[in-house]
Amino acid sequence: MRAMLRSLRTRGAIKGLLFLLGVLLVISILLYAKSLVDDLKAQARREMSSRIEQYSLLVTFSADRVLDFIDTIDFPLVVTDAEGNPKFWKNIDWADSADSTSMRELKEFVVRMDQTGHEPIPVTYGGLTDYFHYGDSDLIRRVQIFPVVAILSIGFFGLLGYLGFRYVLTMEEGNIWVGMARETAHQLGTPISSLMGWIEVLELDPGMTDALEQMKLDTARLEKIAYRFSKIGSQVDLKPADVEAVIRKVVDYFSHRLPRGGRDVFLECEIEQPLPLVLLNAFLFEWVIENLIKNSLDSISATGGHIRLDARVVRQGTRLQIDVSDTGKGVDPARREEIFRPGVTSKSRGWGLGLSLARRIIQGYHSGRIFVHETRPGKGITFRILLNVPSSPVLPSSEPDKEREMT
């Protein structure tokens, strides 16, 4: 148990470390991209200043050479007079005319370019002053979106890797479950067969009748446990079953075995009539109810208390709801999910597999849900099971099977 808790803490530490590394990676990309963009903008301004010097020299000599100079520019450029009226522009495809609408939109575009940190550069010649307004080149714009593309790419492949890793981990855990369950069933099989043989021998002694009856019950119980373990990992057959009959059978079994000796332990069952038949593996579902009742008995064993089972149809008849509640110790609400993990238990003995097995049976085999509906430390806990109700009525199965024989 302690090793399991250490493993969980180690797993949490690794997740925290990976998250921290991811944050540092994202910050590094953003800082590098910002530095790169700043360098490119500074280089663009130096280049712009150099070209403007050329322009100021050319404008006094030849208009043709000025036009040739303008054609070499590869970034958005608008030249305005001292009043802010555009005189000519370059690399602004949508401003293809000099009508009033285009001029107004062009002036607004000039304001936006100036607000991005590109201060207009004045050029004076022949007593006149023009202002060069320029924007980012296509290269700078691509570099600016690089961090977004990089982070999205890293996030996508990180998510893909996480899902792949989780899938592999789930498969490995499933294989461990199957291997452990089948090995347990195999190990139990030999002594059970031996016990059954010895019972047949003892039946020859008339004085052993009462003891033999109890031995047969206990041996049948062991055989049932072994068979349940053997079903983990196997293809489970779901058949129309009466949930009420399964629940009442388990309740009746425990009612005759409640703790005695000064501790008042009450087991109640309230079932709304009538419950529809649902597709169920009654043998495994019975195991789930047993595990939940056992947990409740352990929780109230020291002082006594109440255990209650309620079953009803909910959600317009589409779900069958079973609640198992007790007035025991309860758990911290923050541990609602943790208690379903293998190895998590508050008891000094045991493997901590009961709730994990219950979730595997309900959610893995029956496509239902099992979760902690309500819990208050020191006040009790309520587990809720939701099973799907078939959209059309089903008839009870009449096929004999191994499970029905054992129950």
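Here are some notes:
- Residue match in the range 338-361 (condition: among the hydroxyl-bearing types (S, T, Y), without any contact (Cβ under 8 Å) to a residue 60 or more places away in the chain and exposed (fewer than 15 other Cβ atoms within 10 Å of the Cβ)): yes
- Residue in the range 231-249 that is among the small types (G, A, S) and closer than 28 Å to T327 by Cα present: yes
- Condition check for F383: modelled with pLDDT of 90 or more, closer than 19 Å to L238 by Cβ, among the aromatic types (F, W, Y) and not in a loop (DSSP other than H, G, I, E, B): no
- Residue check, L238 without any contact (Cβ under 8 Å) to a residue 40 or more places away in the chain and surrounded by 13 or more Cβ atoms within 10 Å (Cβ to Cβ): no
- The range 25-42 residues that are assigned to a helix (DSSP H, G or I), paired with ones that are at pLDDT below 80 and of a type in the set (D, E, K, R) (beta carbon under 9 Å, 6 or more apart): V37/D136; L40/D136; K41/D136
- Members of the range 270-289 that are of a type outside the set (V, I, T) and surrounded by fewer than 18 Cβ atoms within 10 Å (Cβ to Cβ): E270, E272, Q273, P274, P276, L279
- Any hit, the range 317-324, residues being within 15 Å of L386 (Cα to Cα) and among the basic types (K, R): yes
- So K224, is it assigned to a helix (DSSP H, G or I) and at pLDDT 85 or above: no
- Tallying residues that are of a type in the set (D, E, K, R), under 55 Å from the mean Cα position of the chain (by Cα) and within 14 Å of T80 (Cα to Cα) within the range 111-144 yields 2.
- Filtered by the rule that a residue be among the β-branched types (V, I, T), farther than 25 Å from S35 by Cβ and touching a residue at least 12 places away in the same chain (Cβ under 8 Å), the range 112-171 gives V123, T124, T129.
- Tally of residues being without any contact (Cβ under 8 Å) to a residue 40 or more places away in the chain and either exposed (fewer than 15 other Cβ atoms within 10 Å of the Cβ) or not assigned by TED's automatic domain parsing to the domain that holds P240 (or both) across the range 296-313: 1
- H306 meets each of the listed conditions (1) out of contact with any helix residue (DSSP H, G or I) (no Cβ under 6 Å at 6 or more places or on another chain); (2) under 19 Å from Q321 (Cα atoms); (3) modelled with pLDDT of 90 or more apart from (2).
The values are calculated or read from the model by the stated rules, or taken from the named source; none is laboratory data. Here the structure is a predicted model, which means the values were calculated and not measured. Heads up, the Cβs are rebuilt from the backbone with ideal geometry, glycines too, and the neighbour counts pull from every protein chain shown.
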